[in-house]
1. Quick one: ASP113 ticks every box in (1) assigned to a strand (DSSP E or B); (2) open to solvent by 10 Å² or more (accessible area, probe 1.4 Å) bar one, so which box is it?
2. Check ALA131 against each of (1) more than 16 Å from ligand 1 (Cβ to nearest atom); (2) out of contact with any helix residue (DSSP H, G or I) (no Cβ under 6 Å at 6 or more places or on another chain); (3) touching a residue at least 12 places away in the same chain (Cβ under 8 Å) and name the one condition it does not meet.
3. Among the candidates ASP270, ASP248, which residue alone is within 14 Å of ligand 2 (Cβ to nearest atom) and either of a type outside the set (Ser, Thr, Tyr) or open to solvent by 30 Å² or more (accessible area, probe 1.4 Å) (or both)?
4. If you check ALA35, ALA82, which single one turns out to be of a type in the set (A, V, I, L, M, F, W, C), more than 15 Å from ligand 2 (Cβ to nearest atom), over 21 Å from the mean Cα position of the chain (by Cα) and open to solvent by 50 Å² or more (accessible area, probe 1.4 Å)?
5. So which helices (runs of 4 or more DSSP H) are wholly in the range 234-311 and hold at least 2 residues that are more than 16 Å from ligand 1 (Cβ to nearest atom) and at pLDDT 95 or above?
6. Tally time: how many residues in the range 144-158 are surrounded by 15 or more Cβ atoms within 10 Å (Cβ to Cβ) and not aliphatic (A, V, I, L, M)?
7. Look at the range 207-225 and say how many of its residues are closer than 21 Å to PHE176 by Cα and surrounded by fewer than 24 Cβ atoms within 10 Å (Cβ to Cβ).
8. For residues in the range 226-245 being among the β-branched types (Val, Ile, Thr) and open to solvent by 30 Å² or more (accessible area, probe 1.4 Å), which is nearest to the chain's Cα centre (by Cα)?
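The values are calculated or read from the model by the stated rules, or taken from the named source; none is laboratory data. This one's a predicted model, so the numbers in the text were calculated from it and none came from an experiment. Glycine gets a Cβ as well: all are built from the backbone with ideal geometry, and neighbour counts include every protein chain shown. Ligands, DNA and RNA are stripped out before the accessible areas are found, and what is left, the full protein with its side chains, is counted by its heavy atoms. Shrake-Rupley method; radii C 1.70, N 1.55, O 1.52, S 1.80 Å.
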Amino acid sequence: MSSPVAELHMHIEGSLEPELIFALAERNSVQLPYADLDDLRSRYQFTDLQSFLDLYFANMQVLRTAQDFADLTRAYFARASAGGVAHVEFFFNPQAHVNRGVPLHDVLDGIMDAVSTSEREFGLSSAAIAAILRDRPVHEAEEVFSEIIRLQTPIVGLGLDSAEVGNPPSLFEDVFARARSEGLHVVAHAGEEGPPEYIWQALDLLGAERIDHGVRALEDPALVARLVDEEVPLTVCPLSNVRLCVVDSLSEHPLRTMLEAGLLVTVNSDDPAYFGGYVDDNFAQLRDQLGLTDAERDTLARNSIKASFASDARKAQLLRG
Ligand SMILES: Nc1ncnc2[nH]cnc12
Ligand SMILES: [Zn+2]
């Protein structure tokens with residue numbers, strides 16, 4: 001029996017499986033531009049982050065009600081738990097829903113309803129991180145964040161995602177400062193497609209406690225030294241990196257190099273419905289294609305628990321297995 005894992009980098013909207021897209025389209029009378037499931041699946045071929053984001057945002061149009069968000073979140077919890085995930089901190093993109101007319105409280109009610117029962121229903125502790133769309137105007141981020149706070153939503157943190165290049169962390173200093181002053185954890189996607197400079201900014205300007213992806217840190221030895229020294233976790237997503245052409249293949253993935261450099265690396269699924277698998281699939285394919293050993297898997301599992309925002313008591317429980 002392998003040790004339990006915490007998943008720290010996944011987007012709940014990225015767990016929207018093709019079957020659920022069709023079921024929700026039917027439930028909500030949404031006309032899909034796909035003939036059938038095969039037609040939809042044939043589009044899951046990406047050349048870069050933006051080509052994926054276009055489909056990701058298009059498909060989430062089927063999410064309309066609090067029940068839809070609760071069903072989506074519970075479907076992910078069930079699948080993650082079956083794959084050995086014992087704790088999850090997941091992203092959701094409030095702007096992506098509010099901007100197309102879904103009331104924020106419906107998004108939050110649905111997601112938080114699933115979070116509130118995850119331990120009882122799935123044996124999985126869970127927490128939600130609101131992620132800001134970095135390719136949208138800064139004022140929009142500030143407005144949606146204010147509303148989340150006004151509604152006293154029990155999120156655990158604020159994150160930053162979407163199209164990276166040309167949208168540096170520096171733009172969002174103020175909203176991240178507010179999040180920290182509200183006592184929230186802060187994390188940011190950086191160094192996926194964007195340069196190491198964006199990782200420096202995420203650390204220095206946003207106060208990011210974890211870097212999501214961060215694979216391009218390897219291009220900057222001074223940055224690697226800092227990340228090692230300060231034990232900043234990197235939430236790496238191997239299958240995502242292959243599917244978005246960040247790396248050429250899993251066998252060439254820098255995960256082992258990162259571990260050997262002393263970085264606090266974790267393995268995550270990012271958008272599992274789009275990238276060919278959940279956390280357990282990532283580990284299985286790393287074993288088969290990168291030769292990941294059981295000892296390396298255990299290190300990665302322990303890293304994920306250490307890097308989580310779970311309470312010390314919950315961390316100790318998870319580490320005991
Ligand atoms: N891999 C990723 N990078 C940036 N934004 C995202 N949103 C969903 N998946 C993402
Ligand atoms: Zn991501």
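1. Only one criterion in (1) assigned to a strand (DSSP E or B); (2) open to solvent by 10 Å² or more (accessible area, probe 1.4 Å) is unmet by ASP113, namely (1).
2. Only one criterion in (1) more than 16 Å from ligand 1 (Cβ to nearest atom); (2) out of contact with any helix residue (DSSP H, G or I) (no Cβ under 6 Å at 6 or more places or on another chain); (3) touching a residue at least 12 places away in the same chain (Cβ under 8 Å) is unmet by ALA131, namely (1).
3. Details: ASP248 fails: within 14 Å of ligand 2 (Cβ to nearest atom).
Of ASP270, ASP248, the one residue that is within 14 Å of ligand 2 (Cβ to nearest atom) and either of a type outside the set (Ser, Thr, Tyr) or open to solvent by 30 Å² or more (accessible area, probe 1.4 Å) (or both) is ASP270.
4. ALA35
5. Because the criterion is at least 2 residues that are more than 16 Å from ligand 1 (Cβ to nearest atom) and at pLDDT 95 or above, the helices (runs of 4 or more DSSP H) in the range 234-311 that meet it are 255-260, 279-290, 294-306.
6. Result for the range 144-158: 4.
7. Applying the first criterion (closer than 21 Å to PHE176 by Cα) to the range 207-225 yields 207-214.
From what's left, surrounded by fewer than 24 Cβ atoms within 10 Å (Cβ to Cβ): 207, 209.
Within the range 207-225, residues that are closer than 21 Å to PHE176 by Cα and surrounded by fewer than 24 Cβ atoms within 10 Å (Cβ to Cβ) number 2.
8. Step one: of the range 226-245, the residues among the β-branched types (Val, Ile, Thr) are 228, 232, 235-236, 242.
Retained after the next criterion (residues that are open to solvent by 30 Å² or more (accessible area, probe 1.4 Å)): 228, 242.
On the way: VAL228: 22, VAL242: 16 Å.
Selected residue: VAL242.
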